[in-house]
Number of protein chains: 2
Amino acid sequence: MGRTMRMMLVEDDARVAAALATALRRRGHEVVHCPTAQSALDAFAGEAFDLILLDLNLPDGDGIEVCRALRRKDETVAIIAVTARAEERDRVLGLRTGADDYVVKPYSMAELNARIEAVMRRAARAAPPPSETLTAGPVTVDTAARRVVVDGGREVALTRKEFEILAVLARTPGVVVSYDRLILAVWQTSFVGRHTLDVHVGSLRAKLDVPGLVQTVRGVGYRLAP
Amino acid sequence: MGRTMRMMLVEDDARVAAALATALRRRGHEVVHCPTAQSALDAFAGEAFDLILLDLNLPDGDGIEVCRALRRKDETVAIIAVTARAEERDRVLGLRTGADDYVVKPYSMAELNARIEAVMRRAARAAPPPSETLTAGPVTVDTAARRVVVDGGREVALTRKEFEILAVLARTPGVVVSYDRLILAVWQTSFVGRHTLDVHVGSLRAKLDVPGLVQTVRGVGYRLAP
DNA sequence: CCGTTCCTTGAGGAACTCTTGAATGTAAGG
DNA sequence: CCTTACATTCAAGAGTTCCTCAAGGAACGG
């Protein structure tokens, strides 16, 4: 029932967005919220997504245009358009623009989930999982293969948490990631003690065995050597 | 945007059916009209269709059941459900049953055309190439002939599920396919337990008998050795 | 209608991972 | 130099996750 995926949520109403994001995260999805057309396009340029939930009624630009732009950049990403306008003209326009599906407000989570499932079912066959290869110094992290290679040859077997932590850090080498942010990214919740993170970082360091790679910034967080 | 295709129109109201069929034929489509659930199933058994326009309100049977039956027989055909019932429960049910899209009466030809185009666009994108020969290490998978050969000589007889699983994995060797994605791709739904997948992978491994080929990535999914 | 094949589900057990606590080590400030 | 706060290591129990074996039921073909 709950396959997990990376979603972009484009919605200007903060309240609606927060509620939706929470509900989707509870189902295990990773949700990135973009309140404006511009931020949506920016986010899309930098990250890979499985699904885009797009409000057509945005403050700084027509959602239809965003939809068109996204579709032009990526022909395969799933797009579900959301709108308050029930006018038929809009419905037709939305579908013609490249959205895979169309939901009219007000809608319930049940309906949205059903549509998400339908879209993902169709996409499952063709969509290659969002893949990126991250590099930081001597380590290479392949998120698609879920493999970590050190010094170009030695492959390191990591557990899930260790891998997640490394992946988050490797996404921004040289940048300090705070404890809170790291915990939130890896555990999707902050119900876990900070100490737990420390321990996982410890075993990660031991397995990678590259002195000075995973650096501690006292009182702040961790950072990967650039 | 008017690619021509074979459609089945399931609609009991003769007047509506005639008008619709005429309009669709004018756009170059080939339309077969089935006034009852039974005739729809009969026609479907004998001919191939690109798209099915299905009225859910039929005299001799529940349209939902027809939808389910059609989807069971053909996992790829496009289905657009049509109904007068705008209740959300029905909308959700329709989508979950296997319909690709859902139109509520009254609708205009413009909207219907837009939805037909959207569905066909998705279908084109998702349609697997008619034939591909996948290779991953010592195994060769012929999706057209549904044959699997190991080490260039030994042919392995797989069941449907086993074959589907292997085919999905072999499409992206070395890449981890998550449980959810795999289940979605093989079963088209996620109402099946994860354990079921485990068992099928188990028998797949036993039949292939290539140690280390199908790898488990704990907590994430499976991967084929590259 | 019967037999076969295939799919699903469950129980049990083994291996692995996560979390937590206590002890130890280390940096910064007075 | 000592104190204190913070960070790391070690170890063990609890909790997951995965695999094998086995049985019941559904679908299919004769």
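The values are calculated or read from the model by the stated rules, or taken from the named source; none is laboratory data. From a predicted model like this one, the values you see are computed outputs, not experimental measurements. Here the Cβ positions follow ideal geometry from the backbone for every residue, glycine too, while neighbour counts run over all protein chains shown.
Please name all residue pairs, on different chains or six or more residues apart, with Cβ atoms under 6 Å, provided the first residue is in region A:6-34 and is more than 17 Å from A:I52 (Cβ to Cβ) and the second residue is at pLDDT 85 or above.
none
Filter region B:178-201 down to residues that are over 27 Å from A:V148 (Cβ atoms) and near DNA strand D (Cβ under 7 Å from one of its atoms) and give me whichever is nearest to the other protein chains (Cβ to nearest Cβ).
Here the residue is B:H195.
When residues of region A:154-177 are filtered for being under 18 Å from the mean Cα position of the chain (by Cα) and within 14 Å of DNA strand D (Cβ to nearest atom), how many remain?
Of the residues in region A:154-177, 7 are under 18 Å from the mean Cα position of the chain (by Cα) and within 14 Å of DNA strand D (Cβ to nearest atom).
Among the residues of region A:186-209, count how many are touching a Lys or Arg at 6+ places or on another chain (Cβ under 7 Å) and more than 22 Å from A:T140 (Cα to Cα). It would help to see each step written out before you state the result.
Of region A:186-209, the ones touching a Lys or Arg at 6+ places or on another chain (Cβ under 7 Å) are A:186, A:188, A:200.
Those left that are additionally more than 22 Å from A:T140 (Cα to Cα): A:188.
Within region A:186-209, residues that are touching a Lys or Arg at 6+ places or on another chain (Cβ under 7 Å) and more than 22 Å from A:T140 (Cα to Cα) number 1.
Could you please find all residues in region A:159-177 being out of contact with any Leu (no Cβ under 7 Å at 6 or more places or on another chain) and within 12 Å of DNA strand C (Cβ to nearest atom)?
The answer is A:T159, A:R160, A:K161, A:F163, A:E164.
For region A:111-121, which positions are at pLDDT 75 or above and either in contact with a helix residue (DSSP H, G or I) (Cβ under 7 Å, 6 or more places away or on another chain) or on the phi > 0 side of the Ramachandran plot (or both)?
Answer for region A:111-121, where residues must be at pLDDT 75 or above and either in contact with a helix residue (DSSP H, G or I) (Cβ under 7 Å, 6 or more places away or on another chain) or on the phi > 0 side of the Ramachandran plot (or both): A:E111, A:A114, A:R115.
Return the pairs, sorted by first residue and then second, in which the second residue is among the hydrophobic types (A, V, I, L, M, F, W, C) and not in a strand (DSSP E or B), the first residue lies in region A:57-78 and is surrounded by fewer than 14 Cβ atoms within 10 Å (Cβ to Cβ), the beta carbons are less than 7 Å apart, and the residues are 6+ apart or on different chains.
A:D60/A:A37; A:K73/A:F44; A:T76/A:A126; A:T76/A:A127
Counting only residues that are modelled with pLDDT of 75 or more and among the small types (G, A, S), give me the helices (runs of 4 or more DSSP H) lying completely in region B:1-100 with at least 2 of them.
B:14-26, B:37-46
Going through region A:179-221 one residue at a time, which ones are part of a loop (DSSP other than H, G, I, E, B), in contact (Cβ under 8 Å) with a residue 40 or more places away in the chain and exposed (fewer than 14 other Cβ atoms within 10 Å of the Cβ)?
A:D209, A:V220
Suppose the filter is part of a helix (DSSP H, G or I) and either buried (at least 19 other Cβ atoms within 10 Å of the Cβ) or away from chain A (no Cβ under 14 Å) (or both); does B:L158 pass it?
It is false that B:L158 is part of a helix (DSSP H, G or I) and either buried (at least 19 other Cβ atoms within 10 Å of the Cβ) or away from chain A (no Cβ under 14 Å) (or both).
What's the total number of residues in region A:178-211 that are of a type outside the set (A, V, I, L, M), over 21 Å from the mean Cα position of the chain (by Cα) and more than 12 Å from DNA strand C (Cβ to nearest atom)?
Qualifying residue count, region A:178-211: 3.
Restricting the search to region B:161-177, which residues are more than 7 Å from chain A (Cβ to nearest Cβ) and either in contact with a helix residue (DSSP H, G or I) (Cβ under 9 Å, 6 or more places away or on another chain) or part of a helix (DSSP H, G or I) (or both)?
If the condition is that a residue be more than 7 Å from chain A (Cβ to nearest Cβ) and either in contact with a helix residue (DSSP H, G or I) (Cβ under 9 Å, 6 or more places away or on another chain) or part of a helix (DSSP H, G or I) (or both), then B:K161, B:E162, B:F163, B:E164, B:I165, B:L166, B:A167, B:V168, B:L169, B:A170, B:R171, B:V177 are the ones that fit.
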